[in-house]
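The values are calculated or read from the model by the stated rules, or taken from the named source; none is laboratory data. Worth saying up front: this structure is predicted, and the values here are computed from it rather than measured. Here the Cβ positions follow ideal geometry from the backbone for every residue, glycine too, while neighbour counts run over all protein chains shown.
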Amino acid sequence: MIHSDSATFGVTIELTITYKKPVPYDCRLKALCRITSNRGRIFEGTGELYLPDGTIAATARGRYLKRTLGQITDESFTDEQWFAVDDHPEEIDI
């Protein structure tokens, strides 16, 4: 979801990930991301995945096509399996 419109999502067009260190499964990681360009139907972003000691484990760069939920899926999916637009978490534990 891009910050300017909570009903608009990004469908991935291109995603490049560079792994700099092994990424463990058994610890808490921090992801930081930002939108770097937001023009027309396409927006771009970058991000980093941080290990507990603060070092960067991976970097990413992506391009996304703006789409509403109705353009991505049907109403039955959004009613039964998707979260409400205003009901998104501040943090996700994986």
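Cβ-Cβ contacts under 7 Å between residues 6 or more apart (or on different chains), taken from a first residue in segment 20-37 that is free of Cβ contacts under 8 Å to residues at least 40 places away in the same chain to a second residue that is of a type in the set (A, V, I, L, M) and assigned to a loop (DSSP other than H, G, I, E, B), are listed as K21/L51; I35/I2. Restricting A7, A31 to those that are closer than 25 Å to Q71 by Cα and of a type in the set (A, V, I, L, M) reduces the list to A7.
Give the residue, chosen from V85, V11, that is out of contact with any Leu (no Cβ under 7 Å at 6 or more places or on another chain) and either surrounded by 10 or more Cβ atoms within 10 Å (Cβ to Cβ) or modelled with pLDDT of 95 or more (or both). Please lay out each step first, then the result.
On the way: V11 fails: out of contact with any Leu (no Cβ under 7 Å at 6 or more places or on another chain).
After ruling out the rest, the residue left standing is V85.
Among the residues of segment 5-51, those identified as outside any strand (DSSP E or B) and among the charged types (D, E, K, R) are D5, K20, K21, D26, R28, R41.
Looking only at residues in segment 11-28 that are of a type in the set (A, V, I, L, M, F, W, C) and farther than 14 Å from G47 by Cβ, the one that is nearest to the chain's Cα centre (by Cα) is V11.
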